1. What residue, among those in region 111-162 that are touching a Pro at 6+ places or on another chain (Cβ under 8 Å) and part of a strand (DSSP E or B), is farthest from Ala90 (Cα to Cα)?
2. Pick from region 52-99 the residues that are in contact (Cβ under 8 Å) with a residue 60 or more places away in the chain and in a strand (DSSP E or B): which of them is surrounded by the fewest Cβ atoms within 10 Å (Cβ to Cβ)?
3. Find the residue count for region 32-49, including only residues that are in a strand (DSSP E or B) and of a type in the set (Gly, Ala, Ser).
4. Can you name the residue in region 4-27 that is touching a Leu at 6+ places or on another chain (Cβ under 6 Å) and not basic (Lys, Arg) and is also farthest from Val91 (Cα to Cα) among such residues?
Amino acid sequence: TGAAGAAPVERRTLVEAVLDTGQRLLALNEIFVGHRSHQSARYRIEAEGAAEDQSSSGLIVASGTGLTGWARSIGEATRLTLGIGAEESAVGYWVREPFPSVATGTTVRAGKLAGTALSVTSRMNEGGVVFADGIEQDFIAFDWGRRVELGPAARRLNLVVA
């Protein structure tokens, strides 16, 4: 809220992805990390002191605003729901269909990030992507060895509510 007579403003949290190349993406709802065809993605995930190699259908990192869409669907299907407010300086992450094997784990599946980042290192020879808000054509390549840090952005979206 601002001066007298000014419309109230909600300061929505954005999700940010920063690659080791310096490329950056911002999203109001969510950022997807995985294979462009949504087939099996291989990567190393690090969150809150835990790390493991995984094979999955990719992962998403969502803001509180994004919890009404794709993230909600994944959370309900996996029974891994997180409560995050649209203006809260936090985001959630969910791994989609992690596959256990001799070389891959499934323990790092979902969590809330506030003041910390999720780190993902690609183990895909080709086809790895990072994209925002479901816009698959506007992606950043995420192939073998690339690293991305994901978390709440310092920048906010100011939504005027009347």
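Since every read-out is calculated from the coordinates, none of them should be taken as a lab result. The structure displayed is predicted, hence computed values, not measured ones. Note that we place each Cβ from the backbone using ideal geometry, even for glycine, and neighbour counts take in every protein chain shown.
1. Val160
2. Of everything passing the filter in region 52-99, Asp53 is surrounded by the fewest Cβ atoms within 10 Å (Cβ to Cβ).
3. 3
4. If we filter region 4-27 for residues that are touching a Leu at 6+ places or on another chain (Cβ under 6 Å), which is where we start, we get 10, 12, 14, 16-17, 26.
When the remaining residues are screened for being not basic (Lys, Arg), the result is 10, 14, 16-17, 26.
Values: Glu10: 16, Leu14: 8, Glu16: 10, Ala17: 12, Leu26: 13 Å.
Here the answer is Glu10.
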